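Since every read-out is calculated from the coordinates, none of them should be taken as a lab result. Every value quoted in this text rests on a predicted model; they were computed, and no experiment measured them. Positions of Cβ are backbone-derived with ideal geometry, glycine not excepted, and every protein chain shown enters the neighbour counts.
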Amino acid sequence: MLLVYGNDYAKGGYPTLTSVLTKHQLMNITFSWILLTIAVALSFNFFGILNFFLSGIALLVLCGWIFFESVKFRKYEGSDNKVYKGMFMRINVFVLLIITLLSLDKLLKLFLE
């Protein structure tokens, strides 16, 4: 959201990263955070957190989706706030779906045992 509202915070007198970093640098940081989030999500498969094969497949699909969306975001050269807001929403949807997947996986394990 800093990419969208950074100037508004600065006008309000709040210190922001937009006064120190360029939008391109903030996009690179955001891209790196997304990659780390994907790595953490994929580690669920390696540490046996998921109980069902289908959950692992769904996790891979979600990680692939957010990865390709983040690559498109990283390559974006314009300054349209809709793109930044859209990526913010995609990140939130990704996290929501991961939490839902983990919850459903555990609930299914409880009910099927």
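Things to note:
- Only helices enter the 222 nm calculation for the chain: every DSSP H run of n ≥ 4 contributes -39,500 (n - 2.57), and dividing by all residues gives -27500 deg cm²/dmol, rounded to 500.
- Total lysine pairs whose alpha carbons fall under 18 Å of each other in the chain (8 or more apart, or interchain): 8
- Whole-number percent relative contact order across region 28-113, with pairs defined as alpha carbons under 8 Å at least 6 apart: 40
- Per-residue ³J(HN,Hα) for region 28-38, Karplus 6.51 cos²θ - 1.76 cosθ + 1.60, θ = phi - 60°, Hz, x for Gly and Pro: 5, 5, 4, 4, 5, 5, 5, 4, 5, 5, 4
- Here, region 57-113 is characterised by an Rg to Rh ratio of 1.17, where Rg is the alpha-carbon radius of gyration and Rh the Kirkwood radius.
- Dipole check for the chain: with +1 at the C-beta of Lys and Arg, -1 at the C-beta of Asp and Glu, and the Cα centre as origin, the magnitude is about 220 Debye.
- Hydrodynamic radius (Kirkwood) for region 2-112, which is based on Cα pairs only, to one decimal in Å: 15.7
- Listed peptides 24-32, 62-70 appear in the order 62-70, 24-32 once ranked by packing, highest mean of other Cβ atoms within 10 Å at the front.
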